[in-house]
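Asker: The structure under discussion is supplied below as structure tokens; questions concerning it will follow.
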Amino acid sequence: MDLLPHNRKAYDAVVEHLKTSNRTCVVNPTGTGKSYIALQLIEDNKDARILYVTSVAVNLLEFWDKVDQLGGYRMVLNLTNIPRLVGSGKMEEAGSSETGSDAQSDMEAAGIDIEERERLLKKATIVDESHFKGPLVQFCLYAGLDNPLPDFDYIIIDEFHRAGAPLWESKVNRLLADNPNAKIVGFSATPERMDGRDMRALFNNNVASEMELSDAIVNGLLPLPKYWLGRVEFTETEEEEVQKEKEEKLRKHGYPLVAKRHLESGIGLRDVFREALIPENAVHGKFIIFCRTIRNTRSMVDASEEWFDWVDQVHR
């Protein structure tokens, strides 16, 4: 592989750190190409047994495709005993009574891309004794760490801050204990968890490479964000006052409908969007739209193709 200079520097640092320690990590911002560092590690160790662990299906599938493009690897994806909600970052299993459209709706509400999950299942491998020895790359989700293959030479932990999650931490610790001689390499853009824990500790605080987001922007690795501010005014009619009273009762029960209604009816909001989202302002050519659910995302893709007809591609 032809790594970019900043990733080559990080990769060389990983190799050096692994000469004196079995654990090290890379803390670089999202979008700087951490996955290519992991790919280089795989390419340089074709005769090794390697496990790649990540949190959600989309990350696993993207990395699978990248390894597949390298060619020549025995690739294994074992989804035995994985919960139905695999790939979402959630561990809740639906009740056995949920079938058909009800189950599908629940999956969408939980933020699960059903098509993505189906693609994941199609790659699943029936593991047998032939996989217990010899070089291979096994792909696994945190949620599926109950039955990994044995005797890995390298374990790559993507999004390693998630390894501290209560439902997954014991599985990760057991995996590392079962592979005491493996080289462990972690990747994350946000090593500090919301609960305050710094997951660099999982690698004995042995950091091979660390880059601040500001440095990535200054060095031209990531674009400088542009912020657009606009004035939004709110008005109320008598009818809205009655509705407001009803919504206030709901709001006390945890339904922030008032703010939602105000935002959607705000005067000037559309003008702000109209000013910002035009070709002349698309210097870097990328926009991101956050949606409520997978179902909402699908409908927004169709709408976006009409709203932003000057955009080359729309993805979800």
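Readers should treat all values here as calculations from the given coordinates under stated rules, not as data from a laboratory. These figures come from a predicted structure and were not determined experimentally. Counting neighbours? That spans all protein chains shown, and the Cβs are built from the backbone with ideal geometry, glycine included.
Asker: Contact list please: Cβ distance under 8 Å, first residue in the range 153-179 and closer than 20 Å to Leu18 by Cβ, second residue small (Gly, Ala, Ser) and assigned to a helix (DSSP H, G or I), pairs at least six apart or on different chains.
Answerer: So the pair list comes out as Ile156/Ala38; Ile157/Ala163; Asp158/Ser35; Asp158/Ala38; Val172/Ala163.
Asker: From the residues in the range 122-152 that are more than 27 Å from Leu18 (Cβ to Cβ) and among the aliphatic types (A, V, I, L, M), which one is surrounded by the most Cβ atoms within 10 Å (Cβ to Cβ)?
Answerer: Across the range 122-152, the extreme among qualifying residues is Ala143.
Asker: With respect to Lys46, determine if the residue is basic (Lys, Arg), surrounded by fewer than 18 Cβ atoms within 10 Å (Cβ to Cβ) and part of a loop (DSSP other than H, G, I, E, B).
Answerer: Values: basic (Lys, Arg): yes; surrounded by fewer than 18 Cβ atoms within 10 Å (Cβ to Cβ): yes; part of a loop (DSSP other than H, G, I, E, B): yes.
Here the answer is yes, as Lys46 does meet what is asked.
Asker: Follow-up question, since we're still on this one. Are any residues in the range 166-188 surrounded by fewer than 19 Cβ atoms within 10 Å (Cβ to Cβ) and outside any helix (DSSP H, G or I), and if so, which ones?
Answerer: Passing the criteria: Pro180, Asn181.
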